[in-house]
Amino acid sequence: MTMQRVPSVLVKPSFKAPTHHPLVPNWLIPTGTVPYSESRRDVPVEWTWSEAAPSPVSSPTTATFAPLAYESGYEYPLIVWLHSDGANEDSLPLVMKHISLRNFVAVAPRGVEALAEGYGWSQFSDCVDAAEDAVFEAIDSTRDRFSVHTSRVFLVGSGSGGAMAMRIALRHPDRFAGVATLDGALPTGDALLCRVNEARQLPLLLSASKCSIDYPESRMCRDLALLHSAGCRVAIRQYPGNEDLTTEMLADVNRWAMQIVCE
């Protein structure tokens, strides 16, 4: 099966206007086009909208995603997506298109570090604290709007977002059903495994292309050895080529998470 690279819009998002993008289904509405307000609470659940403050949304900081045929009586697994450097929360619709359009509710906070283009996730302590706040606020606000299973929250990130996902999940292993990094190395320092006893119960997924520059095979092997020595539950996926993020990687996130859901 030939893998496709996820379109570059994930790196340089272009959801600026309500015009239809050829790669995005008609029912996905770019976050910036649907302001947050009390009057919008009854909009169709297939839309996505910002969880920003009630003021006019010119630069929303969170995007949400509702699955096709959303059923309010079912408690959905929740994916919290942390984008890569240079992207922002508007990459969420395309990401979920390749993970699953039906299995999950999803939310994507914006990176806490402003870059020359887009946003990212620095590992400085103040940025880590800000990222934690953004992730847990996004989870809480999504639970207010959607039917979400409190024990099935998955933290998934790409690149620097994957490293931050691992950092936050290992700090709070009791808050997540699993954590996955796609082409993002395990962060170092700051007592990463300080809650190792609880972390042993947390499913982890390390995923990267074989010739990845950002997450080379040698680094993945070191990360795997560290996590295995700590007794953690680790799954590993490696893909041919040197692409940073592929559709097959995202499809495997769906398979990995649903296997945990169905256990």
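Overview of results
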quantity: Segment 112-151: chymotrypsin sites (Phe, Trp or Tyr not before Pro) in DSSP loop, at most 16 other beta carbons within 10 Å; calculated: F124
quantity: Lys, Arg +1 and Asp, Glu -1 on Cβ, resulting dipole of segment 212-263 about Cα centre, debye, nearest 20; calculated: 240 debye
quantity: Within segment 69-112, GluC sites (Glu not before Pro) in DSSP loop having at most 16 other beta-carbon neighbours inside 10 Å; calculated: E71, E75
quantity: Difference of contour (0.36 nm per residue) and Cα-Cα distance, D140 to Q259; calculated: 40.4 nm
quantity: Accessible area of segment 53-152 belonging to carbon and sulfur atoms, whole % at 1.4 Å probe; calculated: 47 percent
quantity: Residue (of C211, L170, S158) at the positive-pole extreme of segment 132-237, dipole from beta-carbon charges; calculated: C211
quantity: At q = 0.10, 0.17, 0.18, 0.21 Å⁻¹, base-10 log of I(q)/I(0) for segment 117-263 (Debye sum, equal scatterers on each alpha carbon); calculated: -0.32, -0.98, -1.11, -1.48
quantity: D174 accessible area, 1.4 Å probe, all protein chains in place, Å² to nearest 10; calculated: 100 Å²
quantity: Whole-angstrom gap from segment 167-182 to segment 244-262, using each part's C-alpha centre; calculated: 16 Å
quantity: Residue-wise HN-Hα coupling along segment 240-246, computed from phi with Karplus coefficients 6.51, -1.76, 1.60 (Hz; x: Gly, Pro); calculated: x, x, 10, 6, 6, 8, 10
quantity: Net dipole in debye of segment 112-248 [+1 Lys, Arg Cβ; -1 Asp, Glu Cβ; about Cα centre; nearest 20]; calculated: 680 debye
quantity: Gyration tensor (alpha-carbon) shape descriptor, segment 199-263, a/c threshold 1.5; calculated: oblate
quantity: ³J(HN,Hα), Karplus 6.51/-1.76/1.60, whole Hz, each residue of segment 205-217, x for Gly, Pro; calculated: 10, 9, 9, 6, 6, 4, 10, 4, 7, 6, 9, x, 4
quantity: Percentage relative contact order, segment 144-221, counting C-alpha pairs under 8 Å, at least six apart; calculated: 28 percent
quantity: Other-chain or far-sequence residues with amide H under 5 Å of L82's (modelled H); calculated: V156, G157, S158
quantity: Accessible area of segment 167-263 divided out per residue, in Å², using a probe of 1.4 angstrom; calculated: 44 Å²
quantity: Loop-located trypsin sites (Lys or Arg not before Pro) in segment 66-139, at most 13 other Cβ atoms within 10 Å (DSSP); calculated: R102
quantity: Label-point separation in nm, K210 to E75, each point 7 Å along Cα→Cβ; calculated: 4.3 nm
quantity: Neighbourhood charge, 11 Å Cβ-Cβ cut-off, centred on Y119 and excluding it, Lys, Arg +1 and Asp, Glu -1; calculated: -4
quantity: Cα shape, segment 52-199, gyration tensor, a/c 1.5 rule; calculated: oblate
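The values are calculated or read from the model by the stated rules, or taken from the named source; none is laboratory data. The structure presented is a predicted model; accordingly, all values stated were derived computationally and were not measured. Cβ atoms come from the backbone with ideal geometry, glycine included; neighbour counts cover every protein chain shown. Accessible surface areas use protein heavy atoms only, side chains included; no ligands, DNA or RNA. Shrake-Rupley method; radii C 1.70, N 1.55, O 1.52, S 1.80 Å.
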